[in-house]
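Right, one structure below, let's go through it.
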Amino acid sequence: MSSGRVAILGLGMQGKASLYDLVTNSSVSNITVVDNQPHLDSYLEQYPQDRVSGKTIDVTDESQLLSLFAEVDLVIESLPGPMALPIGKLAARAGVHLVSSMYYTNPSESDPEKINYTREELNDVHQMAKQNGATILTEFGMDPGIDLVFGAQALQELDTVDEFYSYGAGFPDIKATDNPLKYKFTWSPIGVMRSYLRPGKIITRGEVKDIPGNRMFFEENMHNIKIDELGGILECFPNGNADYYAKLFNLKDSIKEMARYVCRWPGHCAFWSVMANCGFLNETPVSLNGNPVSPVEFVSKILESQPQFRYREHEQDIAFIRVDVRGKVKGAKKKIIYQLIDKRDLETGFTSMQRTVGFTLSLGAQLILEGKLGQTGLVSPTEVPYHLVAEGLKRHGMQIVREELPWA
């Protein structure tokens, strides 16, 4: 077991939640928070000064990062996506454990050369981390993260698998749906907008089917699910690469139906279908009075500027994960469902998105520091025992339920 010295890279929404959780854990002796925000020191004053300190470094400078890594046992990386893999490589080289919620590979990538290059690059990181005794736990947040843990557990409970459906979403509690979109932002509006024109892949009848970004909201690609705990019906649209996850779960040669879905309250998708097909989500700038304007950036700025699309102090957001896997157990057709629902904590102010990502990052760090993850090298959430994750998240009041039902 290590001495429990942790560095958090980035004091954004997830970093703040990770810090809050880590301070309460006895396996963590010292936390260094790295950020260049001017209010870093004043923010950290609420925590014990003998355990928590702030530091400003250039995270693009290898020498500064290596000096930091030499002083800690584990790093929680909570920085913008493009920085994740370079920092993971450096951690592997330095032999320091690391937890990240980010992808190290792009699930939507279709260029064979890029896919092969990334695969070789990740293999190098894996071998270097193993050689240096480091655990590099990636994609350990909400989605990806909790969904992969649930999926791996459900698969273990079936003898054969025919269908696999995964849902991941963040949206307002039904009491906070008081604007025309029935949606409010807990993360970057431009990120949400770009995800609304991202091509997807599903598997149907054993074959991969491509869904163009502008067609994800078409009725033939959507369905509804009723979630009593949330008080209503959710509309679900494909937004991910099921082929990538079929390979991740070793289902590529056997699965008949597989898809990943995002959920929203009814009416949301009809609006964005029109917007997507009218060009409002396009990246390519158009000329406006001689000035180049990106439609998607324009739309996101309009929404971002309006208070009606932001949460008020008394309003809650919802994080929703659901995995529905269908197959056979001893010849009987069964479906196994794992579901998580979490809401904003009005006492701390942490949104459900902060909690499900930030607390999950912190949990990953604790499991490594406590010696509960025996693997070194690159580690996927699919390799993390379900019971450890469920126990850790339930301590924060997150609702996790399991259902086993007949499947006709």
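Given labels modelled 7 Å from the Cα in the Cβ direction, how far is it in nm from residue 160 to residue 42?
Taking the two extended label points, one gets 6.5 nm.
Work through the residues other than residue 78 whose Cβ is under 13 Å from its Cβ and net out their charges, Lys, Arg +1 and Asp, Glu -1.
-2
What is the sum of charges, Lys and Arg at +1 and Asp and Glu at -1, for the other residues whose Cβ falls under 14 Å from the Cβ of residue 114?
-4
Kirkwood hydrodynamic radius for the chain: how many Å is it when counted over pairs of different Cα atoms?
The Cα-based Kirkwood calculation yields 22.3 Å.
Which peptide among 388-394, 330-336 comes first, and what is the full order, when sorted by highest mean count of other Cβ atoms within 10 Å?
Values: 388-394: 17.6, 330-336: 14.0.
The peptides rank, most packed first, as 388-394, 330-336.
Taking the Cβ-Cβ separation of residue 132 and residue 62 as r and a Förster radius of 22 Å, what is the calculated FRET efficiency to the nearest 0.05?
0.90
Over the chain, what is the relative contact order in whole percent, taking alpha-carbon pairs under 8 Å and six or more residues apart?
Relative contact order of the chain: 21 percent.
Per 0.36 nm of contour for each residue apart, how much would the distance between residue 332 and residue 198 grow if the chain were fully extended, relative to their Cα-Cα spacing?
44.5 nm
Viscosity 1.002 mPa s, temperature 20 °C: what is the translational diffusion coefficient of the range 292-362 from Stokes-Einstein with a Kirkwood Rh over Cα pairs, rounded to a whole number of µm²/s? Spell out each step's value before the answer.
Values: Rh = 15.8 Å.
The estimated diffusion coefficient comes to 136 µm²/s.
What distance in nm separates the two pseudo spin-label positions at residue 297 and residue 314, each 7 Å out from Cα along the beta-carbon direction?
3.9
Arrange 193, 13 by Cβ neighbour counts within 10 Å, fewest through most, would you? Walk me through the numbers before you get to the answer.
Details: 193 23, 13 17.
The order, fewest Cβ neighbours first, is 13, 193.
Ordered by residue, what ³J(HN,Hα) values in Hz, to whole numbers, does the range 84-91 give under the Karplus form 6.51 cos²θ - 1.76 cosθ + 1.60, where θ = phi - 60° and Gly and Pro are x?
4, 5, x, 6, x, 4, 5, 5
For residue 102, what is the net charge nearby, where nearby means another residue's Cβ is under 9 Å from its Cβ and Lys, Arg count +1, Asp, Glu -1?
Taking every other residue near residue 102 into account, the sum is -2.
Test of understanding: in a Gaussian network model of the chain with alpha carbons linked when under 10 Å, which of 124, 173, 35 would top the mean-square fluctuation ranking?
Looking only at 124, 173, 35, the biggest GNM fluctuation is shown by 124.
Say each of residue 123 and residue 305 gets a label point 7 Å from the Cα, pointing the same way as Cα to Cβ; how far apart are those two points in nm?
So the two model labels end up 5.1 nm from each other.
Since every read-out is calculated from the coordinates, none of them should be taken as a lab result. Please read all numbers here as calculations on a predicted model, not as lab measurements. Positions of Cβ are generated from backbone atoms using ideal geometry, with glycine treated the same way; all protein chains shown enter the neighbour counts.
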